[in-house]
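Everything on this sheet refers to the single structure shown next.
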Amino acid sequence: MKLTERLGKIAEYIPHGSKVADIGTDHGFIPVYLIENKIATYVVASDLNKGSLNKAVKEVQKRNLQSLIDTRLGNGLNVLSPGEVDVVVIAGMGGILITKILEEGKDTAKTIKKFILQPMRDSTYLRKYLIENGYKICDEELVKENQKYYEIIVAEHGRQKVKNDIYYQVGEKLIQKKHPLLKEFLQYKIDKMKKIINKLPETNEKRKQLEEKVKKFEVLINGLEMPSNSFHNG
């Protein structure tokens, strides 16, 4: 099983010997990869959509991995028993939906050591939820695939202080390690914001907020140092 760059990067964050749940597994590619490469000892592959889960079931059966990959139809973390797995992957969903899954499955989430999250949008919302609900962000990754950017957020239970609101919008870990894709990713975001700005009246409050955000992103692009007082919270 060969994974796409996005899925491959997600798999890299899973410790060897883990028991894993892939929530929203779709084709079941990550579970198959983890078992075939002896990264995970056991994987729960779940999906809310019966059609998607059937794709995973066929993939698992084709490779004769039924004893190591348990396919389950169900919603979020409700398919798991507390303590059943060490690592949870939730990829390819919106950030708001991911937070809903974590919130509704709080009791099970408490027993999970590591969360590998890949929001398709609303990553700011997801980071804010994590920090405000007893999680710490351990690492972040950026992947560009088919001209699209994907953010991967790795979280564990713990406490974390965010020194500046910009770290909700752009992962602090990406800035710290000067991720090679960060500059073009920020420019992509700036270009999108400028298109919106150009359509708004000069007195519009949203326009002012976006203009301020653009300035902050441009400072990052210019490679300036990021001490905690570089930006004003807001």
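The values are calculated or read from the model by the stated rules, or taken from the named source; none is laboratory data. Fair warning: this is a prediction, and the values are worked out from it, not measured in the lab. Here Cβ is always computed from backbone atoms with ideal geometry, including for glycine, and neighbour counts include all displayed protein chains.
All of D22, D86 fail the test of being in contact with a Leu (Cβ under 9 Å, 6 or more places away or on another chain), under 28 Å from D122 (Cα atoms) and surrounded by 16 or more Cβ atoms within 10 Å (Cβ to Cβ), apart from D22. Suppose the filter is touching a Ser or Thr at 6+ places or on another chain (Cβ under 6 Å) and more than 27 Å from S18 (Cα to Cα); does Y149 pass it? Spelling it out, it is not the case that Y149 is touching a Ser or Thr at 6+ places or on another chain (Cβ under 6 Å) and more than 27 Å from S18 (Cα to Cα).
Scanning segment 158-181 for residues being touching a strand residue (DSSP E or B) at 6+ places or on another chain (Cβ under 6 Å) and either closer than 16 Å to A109 by Cβ or in contact (Cβ under 8 Å) with a residue 40 or more places away in the chain (or both) gives a total of 2.
Applying the criterion of being more than 21 Å from E141 (Cα to Cα) and at pLDDT 90 or above to the residues of segment 209-234, the residue that is surrounded by the fewest Cβ atoms within 10 Å (Cβ to Cβ) is K215. When K144, K128 are checked against the criterion of being basic (K, R), assigned to a strand (DSSP E or B) and not assigned by TED's automatic domain parsing to the domain that holds G223, K144 stands alone in meeting it. Checked against (1) within 18 Å of the chain's Cα centre (by Cα); (2) farther than 24 Å from V143 by Cα; (3) of a type outside the set (K, R), D107 meets all criteria but (1). Of everything listed in (1) in a strand (DSSP E or B); (2) surrounded by 20 or more Cβ atoms within 10 Å (Cβ to Cβ), the single unmet condition for E156 is (2). The residue that is nearest to L130 (Cα to Cα), counting only those in segment 84-100 that are touching a Ser or Thr at 6+ places or on another chain (Cβ under 9 Å) and among the charged types (D, E, K, R), is D86.
Scanning segment 169-193 for residues that are surrounded by 13 or more Cβ atoms within 10 Å (Cβ to Cβ) and at positive phi gives no hits.
Within the set L77, L48, L102, L7, the sole residue that is farther than 24 Å from I137 by Cβ, among the aliphatic types (A, V, I, L, M) and within 19 Å of the chain's Cα centre (by Cα) turns out to be L48.
Here is a yes/no grid of residues against (1) more than 23 Å from A11 (Cβ to Cβ); (2) surrounded by 22 or more Cβ atoms within 10 Å (Cβ to Cβ):
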site: L65; (1), (2): no, no
site: I98; (1), (2): no, yes
site: F115; (1), (2): no, yes
site: S123; (1), (2): no, yes
site: G134; (1), (2): yes, no
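Among residues that are closer than 26 Å to E12 by Cβ and at pLDDT below 95, Q147 is included. Does segment 194-203 contain at least one residue that is surrounded by 18 or more Cβ atoms within 10 Å (Cβ to Cβ) and among the polar types (S, T, N, Q)? No, segment 194-203 contains no residue that is surrounded by 18 or more Cβ atoms within 10 Å (Cβ to Cβ) and among the polar types (S, T, N, Q). Here I112 fulfils each of the conditions (1) more than 24 Å from I30 (Cα to Cα); (2) part of a loop (DSSP other than H, G, I, E, B); (3) assigned by TED's automatic domain parsing to the domain that holds K19; (4) not charged (D, E, K, R) apart from (1). Looking at segment 1-102, the strands (runs of 3 or more DSSP E) lying wholly inside it that each contain 2 or more residues that are of a type in the set (S, T, N, Q) sit at 40-47.
Every condition in (1) more than 18 Å from the chain's Cα centre (by Cα); (2) closer than 29 Å to Q147 by Cα; (3) surrounded by fewer than 16 Cβ atoms within 10 Å (Cβ to Cβ) is met by E12 except one, and the failing one is (1). For segment 119-129, indicate whether the set of residues that are without any contact (Cβ under 8 Å) to a residue 40 or more places away in the chain, farther than 29 Å from V20 by Cα and not basic (K, R) is non-empty. No: zero hits.
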